[in-house]
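First the structure, in the form of structure tokens, and then the observations on it.
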Amino acid sequence: MGLSFLVPGDMHALTVTVRWGDYTQAELPEADGGPLSVWQREPREARVEVALRGGGEQTVHNVPGSGGPSETKRFRYCTNKSHPFG
């Protein structure tokens with residue numbers, strides 16, 4: 001998934017809220033007494049401080065407490081003076 005957005009040129013960092021779900025398999029009893037295999041979702045959320053540095057390089061930030069998901073960023077500068085953030 002990718003996101004694009006513009007920020008003022010004097011902004012040095014963003015706080016990114018990352019939300020995802022961890023899934024575990026569980027068994028519930030069916031009406032006939034047998035087991036029903038289901039997936040249960042546990043909502044998760046973490047905040048990641050992202051420094052805004054230019055150059056177009058791509059960097060990866062591990063998401064705290066996730067055991068896997070990461071946030072990747074790539075920044076490119078816009079110098080179009082007709083845009084409010086120019």
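No lab work stands behind these numbers, since they all come straight from the coordinates. Here the structure is a predicted model, which is why all the values come from computation and not from measurement. Cβ coordinates were reconstructed from backbone atoms using ideal geometry, including for glycine residues, and neighbour counts include every protein chain displayed.
Going by average Cβ density within 10 Å per residue, which order do the peptides 38-49, 22-33 take, highest to lowest?
Details: 38-49: 11.3, 22-33: 8.9.
My ranking of the peptides, most packed first, is 38-49, 22-33.
Gln25 versus Val38, label points 7 Å from Cα toward the beta carbon: distance in nm?
Placing both labels 7 Å beyond Cα along the Cβ direction yields 1.6 nm.
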